[in-house]
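The values are calculated or read from the model by the stated rules, or taken from the named source; none is laboratory data. Please read these numbers as outputs of a predicted model, since none were measured by experiment. Cβ atoms come from the backbone with ideal geometry, glycine included; neighbour counts cover every protein chain shown.
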Amino acid sequence: MPLQESVFKLDNNKFWYLNFVYNFLYKCIDMDRVHFCNMDTDQMYLAIAGSKIECYKYGLKYVIKDQGFFDQQYKEWLPWNDCTVAEEKKLMGITIESQGENFVCIAPKCYNLYKENEQNDNIVSLVNRMKGVSEVKADITTNDHIKCLNDGCNINVTINNLQMKMEVMSTINMKKSVLTGTHNKIVVLIYGYYTPFVYGISVDHYIIE
């Protein structure tokens, strides 16, 4: 029953998101120095204002406000040095998949994680995601994400797909908008708020106090 499995997965992930956030992060982490950048079905990206000296791979080390609670609880949620693969990928636990210096999130499921300063020509893209388009086929770079964010422009690419019709294999060229800064499921409001997309309702219809 794929439908039941999908519904269970979505609901269960949302529950464990809230469980991790409220029963761990909020209790022992200084959330004034942590920002939620992007959340997906099974992923969470955080911007952490930690050390300006140490390499960016320090995790939550410099934003702990209750060290005793953290030491007591963190192994229930997070991996640690020299832990086994089973301990790292434990059921209902949190695994660190990627870390970087900068993060650009134009819309949900459309983001780029990279290192090196954005003024540096040697930008190294670590994670590059676009909804519905393979990052390999699209050949979109970190600079494209930054340009879309700063200039509000649309970036289109032509991709090639194979299609079988009447036992004949054909190559189809399609032009798709891969970076637009918009999303057809939610409306992003100021201060990081968002609301479900409703046809005919725009940002101007909402008042945030």
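Which pairs turn up if I take residues in the stretch 15-31 that are farther than 13 Å from residue 68 by Cα and look for partners that are among the charged types (D, E, K, R) with beta carbon separation below 7 Å, at least 6 apart in sequence or on another chain?
Pairs that qualify, where the first residue is farther than 13 Å from residue 68 by Cα and the partner is among the charged types (D, E, K, R), are 30/65.
Can you tell me which residue in the stretch 12-23 is surrounded by the most Cβ atoms within 10 Å (Cβ to Cβ), limited to those that are at pLDDT below 90 and under 14 Å from residue 78 (Cβ atoms)?
Restricting to residues being at pLDDT below 90 and under 14 Å from residue 78 (Cβ atoms), the top hit is 20.
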